[in-house]
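K.L.:
I'd like to ask some things about the structure below.
The values are calculated or read from the model by the stated rules, or taken from the named source; none is laboratory data. All of these numbers come straight from a predicted model, not from anything done at the bench. Positions of Cβ are backbone-derived with ideal geometry, glycine not excepted, and every protein chain shown enters the neighbour counts.
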Amino acid sequence: MMVTYQSPDIRLEGRIRIKLDGDASVSLARKGVRGLLRELDAKHSIDDVLANDVAIVASELSTNAVRYADGGEFTATYNDVGTIRIEIEDNGGGALEFDPQMPSTSALGGRGLGIVVALSHRYGIIPRNTRPDQEGKIVWAEIDVWVAQVA
């Protein structure tokens with residue numbers, strides 16, 4: 001699934017960027033998203049459940065980047081039609097499609113992508129490099145936190 005909101009009719013209104021370089025940076029990403037949501041909530045009433053969903057998605061994607069791709073860059077944006085987009089750009093390898101498999105009930109991990117899929121409205125993985133000897137990707141998810149009113 002590849003859907004973006006890079007349209008001339010849609011304006012970016014807020015953005016944060018955080019370098020993911022360890023477990024502490026995952027917390028910073030989560031706090032940064034919460035700050036972005038507070039900024040957005042000042043303009044539009046944001047449902048608390050959706051705000052929590054955004055923070056969880058940010059945390060899961062950031063954790064995966066730190067754990068499996070040796071970090072990366074976290075970016076969260078929101079636009080004027082009510083979409084929060086979370087992107088993680090990393091240098092790691094890995095699958096280029098979401099494949100959320102359910103782990104055994106005794107497994108300590110492995111549920112993150114399933115959570116992202118369940119909480120996001122759109123998601124995907126974009127290969128950053130096209131040559132086989134280069135690695136890297138952008139993992140992204142979008143959540144619509146409010147709906148723009150059409151006049």
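K.L.:
How many residues, within the range 26-63, are modelled with pLDDT of 90 or more and under 18 Å from residue 140 (Cβ atoms)?
P.N.:
The qualifying residues number 16.
K.L.:
Now a separate question. So, of the residues in the range 37-56 that are under 14 Å from residue 16 (Cβ atoms) and not acidic (Asp, Glu), which turns out to be surrounded by the fewest Cβ atoms within 10 Å (Cβ to Cβ)?
P.N.:
Of everything passing the filter in the range 37-56, 38 is surrounded by the fewest Cβ atoms within 10 Å (Cβ to Cβ).
K.L.:
Could you please give the count of residues in the range 125-149 that are modelled with pLDDT of 70 or more and within 17 Å of residue 68 (Cα to Cα)?
P.N.:
Residues that pass the stated criteria total 10.
K.L.:
Further, regarding this structure: Which numbered condition trips up residue 38, out of (1) closer than 19 Å to residue 123 by Cβ; (2) assigned to a helix (DSSP H, G or I)?
P.N.:
All conditions pass for residue 38, except number (1).
K.L.:
Quick one: what pairs do we get from the range 139-151, first residue more than 17 Å from residue 47 (Cβ to Cβ), second acidic (Asp, Glu) and modelled with pLDDT of 60 or more, C-beta under 6 Å, 6+ apart or different chains?
P.N.:
140/87
K.L.:
With the structure loaded, tell me whether residue 66 is among the β-branched types (Val, Ile, Thr), part of a helix (DSSP H, G or I) and either touching a Cys at 6+ places or on another chain (Cβ under 8 Å) or touching a residue at least 24 places away in the same chain (Cβ under 8 Å) (or both) or whether it fails that test.
P.N.:
Numbers: among the β-branched types (Val, Ile, Thr): yes; part of a helix (DSSP H, G or I): yes; either touching a Cys at 6+ places or on another chain (Cβ under 8 Å) or touching a residue at least 24 places away in the same chain (Cβ under 8 Å) (or both): yes.
The answer is yes for residue 66.
K.L.:
Going by what's in this entry, would residue 115 be described as modelled with pLDDT of 85 or more, aliphatic (A, V, I, L, M), under 13 Å from the mean Cα position of the chain (by Cα) and over 18 Å from residue 20 (Cα atoms)?
P.N.:
yes
K.L.:
Report yes if residue 105 is β-branched (Val, Ile, Thr) and under 18 Å from residue 24 (Cα atoms), otherwise no.
P.N.:
So residue 105 does not fit the description; no.
K.L.:
Let me spell it out: the conditions are (1) surrounded by fewer than 21 Cβ atoms within 10 Å (Cβ to Cβ); (2) at pLDDT below 90, and residue 83 meets all of them except one. Which number is the exception?
P.N.:
All conditions pass for residue 83, except number (1).
K.L.:
Check residue 122 against each of (1) under 26 Å from residue 22 (Cβ atoms); (2) at pLDDT 80 or above and name the one condition it does not meet.
P.N.:
(1)
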